[in-house]
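Structure first, commentary second.
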Amino acid sequence: TMSSSNPSLVIVAGTYDGVLAGWETQDRGGRSLELTFATPIHQGSIRSLSLAAPSSPDKPGTILSCGYDEELKTHDWSKKLHSSGQVRTPADFGTPTCSAFAPPTTAPSTHCLLGFSGGKIVVYKKRDWSIQHVLEGHKGGVASVAVHPTGRIALTGGMIDGTLKLWDLTRGRIAYTTKLPSVSKRNEAVDSLEWSADGTMYGWCSGNRVTVKATDSGKDLLDAEVPSRINELVLMEGGQGVFVAAACNDGSLPVLAVQALDGSQEERRAILAIEPVDNPVAGEERFKCIRKIEAYRVATCNSAGVVSVMNLEGAVRMILSDLTDENSQGVQSDDENDSEEDEELAVDIVESVQLGTGARITCLAVWYSNDSVEVTEDIENLIATVDDATTEAKGAKRKQDEVDMDTATVEKARSLVKQAKKIKKKSQRKKKRVAEA
């Protein structure tokens, strides 16, 4: 049993079978996660989880679970197994697909946004879960939602309409809509959306493409492809800059520098902190979710029900290292020990726990006891700036796409992955021969 002290880290997971599970630890590094509850709460899968900004900074706020059964349930962390409230979603809106509290991290959250498979976005008042606004969202469904740190504007991504929409939550109306040509052509969803902690940039992913934009200028800070489909992304922010970490369908976990390190738009640096898995059995090794904890630490879960706390600072250091840049010309060394050492440096798996014998986790939410970050409060100016920046960027966007969609860069990444796999297999054969001897 945990002591009565408040936890430093809380991780909550929802599953395909409607089970809500929670882990906590008092270790600020994320070690010694203890499962504190796991109970079925929805008929069918849990589609989305959100944690409200708490009224007290030393404990997590309300947990919201959204089910395929079209019900919303709230949970008080201190009560563990017991739901504190239940709300039926509006008829004919479809299944809730995504959710976010507003404000998301600064105390306390006063509202909650829900996106639905029918395309509407509902703004609820948190105090009594009454509906304040119903927004006409996206044709074909809402795939993702992210609330600005101020809680006064939000971005949503479409499931099939290839659009991003910015909403003015103070007025309950649309601020602007931008069409994403590369997304709409493929009829793919904007699967994941995230603002930076200070609101100065935002990122999204669709298919195997990840994009990060500056809020004030609309400039692309990152627009790149990775070798596999991205299920979810996070913006990691620390003393060494801003980086994207992506949970991918092939079991890989790429880390990408958001800004070109030499100031040019051509040079992008990235590293596979975790390599793709060879022939994953029924997708068991694919990363389903990734959530930010603090700085370069993240929580992940895979399809086998394994929840991990990872420190990716090693990957960040390797990206920034000139030595790594020189070695990335082709991974030509046959020194397996060096390769294994580099892989260990890229990611430190602080803790891993499995839910049951391999529950299918569908969503993840994280709370970490930490100081708040200053954010821009001038919403009128922010909306106008984002709108102007989007208009100005439209002409330059196609040219930028041509640069960032460089097939040689993608092939180089794939080549590095293949060579890394060969080194790994060679090392495994060597260990097998030693064992047999």
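The values are calculated or read from the model by the stated rules, or taken from the named source; none is laboratory data. Nothing here was measured: the structure is a model prediction, and the numbers come from that model. Heads up, the Cβs are rebuilt from the backbone with ideal geometry, glycines too, and the neighbour counts pull from every protein chain shown. Heavy atoms of the whole protein, side chains included, go into the accessibility calculation; ligands, DNA and RNA do not. Shrake-Rupley method; radii C 1.70, N 1.55, O 1.52, S 1.80 Å.
Structure notes:
- A residue that is among the aromatic types (Phe, Trp, Tyr), at pLDDT 95 or above and touching a Ser or Thr at 6+ places or on another chain (Cβ under 7 Å) occurs nowhere in the stretch 173-183.
- Within the stretch 128-143, the set of residues being free of Cβ contacts under 8 Å to residues at least 40 places away in the same chain, surrounded by fewer than 21 Cβ atoms within 10 Å (Cβ to Cβ), of a type outside the set (Ser, Thr, Tyr) and not in a strand (DSSP E or B) comprises Asp128, Glu136, Lys139, Gly140.
- Here is the figure for the stretch 18-42: residues that are in contact with a Pro (Cβ under 7 Å, 6 or more places away or on another chain) and charged (D, E, K, R) total 1.
- Of all residues in the stretch 13-43, those being closer than 18 Å to His75 by Cα and open to solvent by less than 70 Å² (accessible area, probe 1.4 Å) number 16.
- Residue match in the stretch 84-107 (condition: under 30 Å from Ser196 (Cβ atoms) and among the acidic types (Asp, Glu)): no
- Long-range neighbours under 6 Å by Cβ, at least six apart or interchain, first residue under 20 Å from Gly85 (Cα atoms) within the stretch 15-44, second open to solvent by 70 Å² or more (accessible area, probe 1.4 Å) and part of a strand (DSSP E or B): Gly18/Pro40; Val19/Pro40
- Selection within the stretch 45-74 - surrounded by fewer than 16 Cβ atoms within 10 Å (Cβ to Cβ) and free of Cβ contacts under 8 Å to residues at least 40 places away in the same chain: none
- Hey, Lys79 more than 24 Å from the chain's Cα centre (by Cα) and over 23 Å from Glu232 (Cα atoms) or not: yes
- The single condition among (1) open to solvent by less than 40 Å² (accessible area, probe 1.4 Å); (2) of a type outside the set (Gly, Ala, Ser); (3) without any contact (Cβ under 8 Å) to a residue 60 or more places away in the chain; (4) within 21 Å of Leu72 (Cβ to Cβ) that Lys125 does not meet is (1).
- Of the strands (runs of 3 or more DSSP E) lying entirely inside the stretch 78-125, those carrying at least 1 residues that are small (Gly, Ala, Ser) and more than 26 Å from Asp161 (Cα to Cα) are 83-88.
- Counting only strands (runs of 3 or more DSSP E) that sit wholly inside the stretch 144-245, those with at least 3 residues that are open to solvent by less than 20 Å² (accessible area, probe 1.4 Å) and in contact (Cβ under 8 Å) with a residue 60 or more places away in the chain are 220-225.
- Test: residue in the stretch 85-100 that is touching a residue at least 24 places away in the same chain (Cβ under 8 Å) and in contact with a His (Cβ under 8 Å, 6 or more places away or on another chain): no
Residues checked against (1) modelled with pLDDT of 90 or more; (2) under 20 Å from the mean Cα position of the chain (by Cα); (3) not β-branched (Val, Ile, Thr):
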| site | (1), (2), (3) |
| --- | --- |
| Phe287 | yes, yes, yes |
| Ala304 | no, yes, yes |
| Leu323 | no, no, yes |
| Asn370 | no, yes, yes |
